[in-house]
1. What does the C-alpha gyration tensor say about the overall shape of the range 488-606? Classify as rounded when a/c is under 1.5, otherwise prolate if a/b is larger than b/c, or oblate.
2. Which order do R540, R393 take when ranked by solvent-accessible area (1.4 Å probe, heavy atoms of all protein chains), largest first?
3. Over 20 Å between Cα atoms, which of K386/K460; K154/K493; K24/K262 qualify?
4. Past the 27 Å Cα-Cα mark, which pairs from K304/K446; K62/K117; K251/K377?
5. Whole Å is fine, so just give me how far the alpha carbon centre of the range 424-493 lies from that of the range 348-379.
6. Looking at the range 482-582, which chymotrypsin sites (Phe, Trp or Tyr not before Pro) are DSSP coil and have at most 12 other C-beta atoms within 10 Å of their C-beta?
7. What does DSSP give for the chain in terms of the percent of beta bridges that are antiparallel, rounded to the nearest 5?
8. Could I have the simple spin-label model distance between R508 and D552, label points 7 Å from Cα toward Cβ, reported in nm to one decimal?
Amino acid sequence: MNILLIYPPQVRSFMPHLALPLVKQELTRRGHQCKILDFNLKFYLHALNKSTLESSKQKLEKSVEELKNKSTYTNEELILFARKSSALIRSQYIIDNIELALDIFNGEQFYDFGKYKFALKILEEALELFSVNYGFTDIGISRFRMRHGVSNSKEILEACDNGEENPFIEMFPSWIDSEIKTFKPDAIAITFSMDEQLIPGFTLANYLRKNWNGLLVAGGGMVTRLKKELPSHPVFSKIFDSYFPFANAAKFCDMLDAMGNKPFRMPDKFSDLCPDFSDLPLDDYLAPVRLLPFELSIGCSYAKCFYCNHYKTYGDYRYGDAFAAASHLKELVNRYKSNHFYFVDEDLVPKFGEDLAVALHNQGVNINWMIFGRLHKAWKEDTFKKLSLGGCRRLIWGLDSVTERIQTEMNKFTELNYAEDLLRWSSNNGITNSLNFIVGYPSETKEEAYTIVDFLKKNKSSLTNVGSAIAVSNFMLVKDAAWDKMEVVPKLKEEEDFAVYYEFDVKRGLTMQETPAFAQSIQDLGVDILSVGKHNPALRELALLYCSKYNDVSEIPVTEIYGNTTGIKPYYLPINLESLYSKINKLMAELPFTSEQFKSNWWRVATEKKLGAERVGDSIYGYSVERNYNDVCYQLPITLELTIN
């Protein structure tokens, strides 16, 4: 049988996703013809293309002109006027520099932090220039937001039919029709790994169901999270023929074998599967070298934290064989000319890590890799020496809290003094530490959360390697977590039938509403204390490349770059953008924190807040852009050059 495997938009595209190359390996082993389509990457290549952006600018000019000629404005129109005008003022500078930005990301200049920062901001603004023509839709390197949320099945279906604000409705037909015509698939499988992929993925599936008659199936982490809701939903149950929750490539293959009258075959052991990336244009991903994902185990070896549901998306915990893993990695290095790997495991078991390091050394596999870890007493000082010799360059630790009470409440039980030893041993052996924290765990006080700052001060010397980072996030109440083990009162909403995040009340400690800002304040303090991220990317995949390249922060060049500024020109508008944006930003900051994390803030401000009176047309304002970015935002600063009363 011919099977198409599709990864839909819209998540970061610095490397391929792992699931489909593993599925392809098993399908190919069983004699099926298989092809992977990374529509996520295809979207980025389309949206960041110079001609696409030029077309976006032309549409934007017409739209702004229409808004300029209006005599009165609704709240929504004022917000769109401000957003579209700002994008138009910046548009030519973005168009003139998009190819330079892509060249930086895909070449040696990436390792100059000044140039990297410039390029990242150009890419972010290019995605804004693209998305601003789709109403309130907001697209960035790590986000896809519409007026429609993803916790409500009705809104997802509405998004799939919203041709004005869903950019994928006009893209997907030509993309998939040509593949169906040439490959002639008997089955198409779409994987949903992230929330942001629900609307694009179902937009594609909806089109396929209406225009193609083959077998259509879905899998991935989001299918697992919605394993009860999707098959029983009156509409979504009919879009796909089957949903495969958990890591169930074998069951999918069994179904295809049965349809093709193939004899039953036992699936390969997990350790026998080596991902097949051969269909993917590896040099097109947004990175200067080929960065590949790999998996040593499936699930979490601990799987007891009360707040977590992530390990439940995998099914049972499984791990492979260190020698086999090293052999697969050697094959991938030779086949794809890559020596940078992101091991996407939930946590590295120290003994397995030691065995892998030895196997890599014995087989002559010279690679750089990173992985998540859990701080506990199975780690020994000698473990880090072996990992470093085996190519480990970065460890991401889920420390979460630095108070014993909250560690106990979480059912995590990290011994904090020993954790400090582990961080020191890791750093001393040239392995970069990255720390994740959670603020606002039910019953946690501000004083308890603030101890994160004291912990960072005390352990600053262990967080100075290139690529060191901290991530302080606010607590989220997630689907299938142990709610009964937490001091929390969930607030369920009947209309949010696809929710995986929930609002909640607490009887004591930080509230859901006050936690996000407090968590951000701790993040900012931590960054100031440690200067982490000062000269290396905050995005974890890209930070690996920096800590593989440099031994010390002092080696990293930081060149100021302004790009091509010749196309910058003033735009004249009948609106005071400075005043309007000041109001919009203030109102955005006041938006209440909700369980629906995937709605556009532009839409929320337009519908949940009121701008108030704004004088339009009394004066003409001339705006241009400054020729440099500031360090705290992605947008090129707009300046008022003249006012005509």
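The values are calculated or read from the model by the stated rules, or taken from the named source; none is laboratory data. Quick caveat, the model's predicted, so the values are computed rather than measured. Note: ideal-geometry Cβ built from the backbone for every residue, glycine included; neighbour counts use all protein chains shown. Protein only, heavy atoms only, side chains kept; ligands, DNA and RNA dropped before computing areas. Shrake-Rupley method; radii C 1.70, N 1.55, O 1.52, S 1.80 Å.
1. On the way: a/c = 2.29, a/b = 1.25, b/c = 1.83.
It is oblate, given that a/c is not under 1.5 and a/b is not larger than b/c.
2. On the way: R540 85, R393 55 Å².
Output order, biggest surface exposure first: R540, R393.
3. Values: K386/K460 24 Å; K154/K493 14 Å; K24/K262 17 Å.
Correct reply: K386/K460.
4. On the way: K304/K446 25 Å; K62/K117 31 Å; K251/K377 37 Å.
Checking Cα-Cα distances, K62/K117; K251/K377 exceed 27 Å.
5. Cα centres, the range 424-493 to the range 348-379: 24 Å.
6. Details: sites: W483, F498, Y501, Y502, F504, F518, Y546, Y550, Y562, Y571, Y572, Y581; in loops: F498, Y550, Y562.
Sparse-neighbourhood loop chymotrypsin sites (Phe, Trp or Tyr not before Pro): Y562.
7. Working: 20 of 63 bridges.
Percent antiparallel among DSSP bridges in the chain is about 30.
8. The two pseudo-label positions are separated by 5.0 nm.
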